[in-house]
Structure formats: C-alpha cells, structure tokens
Amino acid sequence: MSTTYGSFPGTRPRRLRTTPAMRRMVAETRLHPAELILPAFVREGVSEPVPLQSMPGVVQHTRDTLRKAAAEAVAAGIGGIMLFGVPEESKKDAVGTPGTDPDGILQVAIRDVRAEVGDDLVIMSDLCLDEHTDHGHCGVLDAEGRIDNDATLERYAEMARVQADAGVHTVGPSGMMDGQVRVIREALDGAGHQDVSILAYTVKYASAFYGPFREAVGSSLKGDRKTYQQDSANARESLRELELDLAEGADMVMVKPALPYLDIVRQIADAVDVPVAAYQISGEYAMVEAAAANGWIDRDRAIMETLTSVRRAGAGMILTYWATEVAQRLNRGE
Ligand code: PBG
C-alpha cells in the first residue's frame, strides 16, 4: 500500500506536538511582559492595603503600597499601569468632584507613581466618573435621573486636564459617552498636553462580569449601565463605535471585557491600524480564582491559556490583574 501524503497516515499533525521544545518552536502566539498592563486601585485614607473579597490577591492600595506595586511592575518589565482612584465616601457627590480635584486621590496617585517610576512604565488613568460619584454612574444625571451625556462631557474634559497636569501618559476614557474622545482630545490639546495619548474604551459591553469591580471601587451603583454600555447581542455596533473613536482622535482602542468577546477583539483587530488592547476584567479574574480555589481548575495554566487566547484573538496589549505575576513567570521562562 502506498503512503498517502496530505492525509492520514502520511500526514500526522501530532508530530508537531511531540515535545515541549517542538511546541514552543511552532507556537504562533507568545506573551511578552511589555504588552501587559496592570490595573491598580488606590484608596484614599487607608494606612493598610484593603484586600478585595471578590478578587482574592487584589487589594485597594495605600499610596505607599501603590508605589511599591509600580516599582515591582517596572522590575517585571510590564508595559503599563492603569490607575483607579477610590475617594473617601464622604467626598463623593453627584458630579464626582474628587475626579477633578487636583488633590483628588487619583491625581495624587498619578503624581506618586510618576515620581516613583518616571517614564519607565506607561502610566494610565481611568477617565470616568463612577469611582467619584455618590450614585455610582459614569456620568452626571439630569433632573429626571437620566445620564446627561453632554453635561458629562464637560466633566470628562476637566478630568482629562487634571490627570494630565498630574503627569499621566495616557488617559483611558471608560464611560461610553458619545463624543468623549473628541472633547478629551480638545481639552488636552487646549491645555498644552498634546503628548498625552488616549486609550479609548471603544468597545465596552454592559457586562455582568464587572461585578467584583463594584467592590474594588466601593461603588454604590443601583441599576445598570445599559443606556451607555453596549448590548452583548451586538457586534456591528462595535465597528460604529470604532469608526467614531478613530475619527475623534483615539490613539489606541480597547475591547472590554475580553474572554466573552474574543470575536469582537478579532473583528476590531482586523479593522484598525492603531494598537488594540483588551481588558480581562474583574469577573474574568474572579471566575478563574474561585474555580482554582475550589480545586476545580489548574490556576496557573488557566491564566496563561486565557491570556494567550486574548492575544491570539488579536489584542496587542492586555490589561490583567495578573500582569505582574504573569510577567515574572514569563521572565522565568515558564
Ligand atoms: C468604569 C470602569 C469599569 C471598569 C473599568 N472602568 C466598571 C464599569 O464599567 O462598570 C471595570 C473593570 C473590571 O471589571 O475589572 N470606570
């Protein structure tokens, strides 16, 4: 019997899976510390880091431990840090005043981290009102309690200015207000911050997986964000958001969440010529940690697998709460 090639038994895909060295050599996707971005929370008025129950291993930092985490991130060679401020409860109000106070916790944290790491890490900040408002929405409300898009934009413009003044390299508008990238670009340019870049949360779905983040930022949100974040049933809408954000001046675009939306990551990656990020969010983190804590999945393998999948789907950069740990593992050659 003559051997047939291009089919079994001549062709055997398993030959390229025989050894770790073979698998490593033919791997199409690799993770690198530089493409990982660490989201980090810093809480005002605490002297010890506060552990998050729904995100085991993640804390609300003190100013001091945030600086240490940033230094550790630099040592691990990761690309950036995305800062979220958690103001004291008593300072939150309907318009999110701590978000535009030059001495608000987020601005203080940006200055701290910049002083600690300089330009060795891309310092990014969440540009959104929900961490700073007493109602927990990403914008200001009108008399009927609805989100006032255009009034919110004015707040975002002011936030962009104070964050840039504090020394941030990149702002991350995450509120999904129409026109936000444009007003932020104009505000930055108008204040002489032409070099501050915008990582736009271009595609952001109204997701149940943000659950643990509410604990992380002490949000008192009631209801949901479905009038501003996207419906998970829709894919084409993401292309529309993309078109708008690019036209408004986004330097980089983001898809969020990551794992349940890998088709969208691929769609966006195929459509753009700017860097694409994906955010592996709090609920994605919590699912893996919870299952691993129960002994149901292999934690370390699951982390690498999810990150590789997000990368394979086309994200050049990944925000993940495991960023430093994974970078350290990659540096050890794991
Ligand atoms: C809004 C914002 C959220 C997250 C990042 N920026 C919450 C939301 O949109 O509801 C979620 C991040 C995560 O879940 O890890 N400021």
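Inside the range 217-227, residues that are more than 7 Å from the ligand (Cβ to nearest atom) and surrounded by 15 or more Cβ atoms within 10 Å (Cβ to Cβ) make up a count of 4. Take the residues in the range 163-187 that are in a helix (DSSP H, G or I) and within 16 Å of the ligand (Cβ to nearest atom), then tell me which one is nearest to PRO39 (Cα to Cα). Among those that are in a helix (DSSP H, G or I) and within 16 Å of the ligand (Cβ to nearest atom), it is GLN163. The set of residues in the range 16-70 being surrounded by 11 or more Cβ atoms within 10 Å (Cβ to Cβ), β-branched (Val, Ile, Thr), without any contact (Cβ under 8 Å) to a residue 60 or more places away in the chain and in contact with a helix residue (DSSP H, G or I) (Cβ under 8 Å, 6 or more places away or on another chain) consists of VAL59 alone. Taking the criterion of being part of a helix (DSSP H, G or I) and within 16 Å of the ligand (Cβ to nearest atom), the residues of the range 291-315 that qualify are ILE303, THR306, LEU307, VAL310.
Quick grid of which residues meet (1) within 20 Å of GLN107 (Cα to Cα); (2) surrounded by 22 or more Cβ atoms within 10 Å (Cβ to Cβ):
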{"residue": "GLY118", "(1), (2)": "yes, no"}
{"residue": "SER125", "(1), (2)": "yes, yes"}
{"residue": "GLY136", "(1), (2)": "yes, no"}
{"residue": "ASP150", "(1), (2)": "no, no"}
{"residue": "ASP178", "(1), (2)": "no, no"}
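Given the criteria modelled with pLDDT under 95 and away from the ligand (no atom under 16 Å from the Cβ), does GLU334 qualify? Yes.
Of the residues examined, VAL288 is one that is over 25 Å from VAL171 (Cβ atoms) and either under 15 Å from the mean Cα position of the chain (by Cα) or within 16 Å of the ligand (Cβ to nearest atom) (or both). Of the residues making up the range 189-210, just one is exposed (fewer than 15 other Cβ atoms within 10 Å of the Cβ) and under 17 Å from the mean Cα position of the chain (by Cα), namely ALA208. Condition test on VAL253, is it within 30 Å of PRO87 (Cβ to Cβ), away from the ligand (no atom under 14 Å from the Cβ) and not charged (D, E, K, R)? Judged against the criteria, VAL253 is a match. For LEU106, the conditions (1) within 16 Å of the ligand (Cβ to nearest atom); (2) surrounded by fewer than 24 Cβ atoms within 10 Å (Cβ to Cβ) are fulfilled apart from (2). Taking the range 228-244 as the range and being of a type in the set (D, E, K, R) and away from the ligand (no atom under 16 Å from the Cβ) as the test, the residues that pass are ARG236, GLU237, ARG240, GLU243. Among the residues of the range 121-150, those that are part of a loop (DSSP other than H, G, I, E, B) and in contact (Cβ under 8 Å) with a residue 60 or more places away in the chain comprise ASP130, GLU131, ASP134, HIS135, GLY136, HIS137, CYS138, GLY139, ARG146. Within the range 269-283, being of a type in the set (A, V, I, L, M, F, W, C) and over 16 Å from the mean Cα position of the chain (by Cα) holds for ALA269, ALA271, VAL272, VAL274. For the range 168-222, filtered to residues that are modelled with pLDDT under 95 and among the charged types (D, E, K, R), the residue that is farthest from GLU44 (Cα to Cα) is LYS222.
The values are calculated or read from the model by the stated rules, or taken from the named source; none is laboratory data. Predicted, not measured: the structure shown is a model, and the values here were computed from it. All Cβ positions, glycine included, derive from the backbone under ideal geometry; neighbour counts span all protein chains shown.
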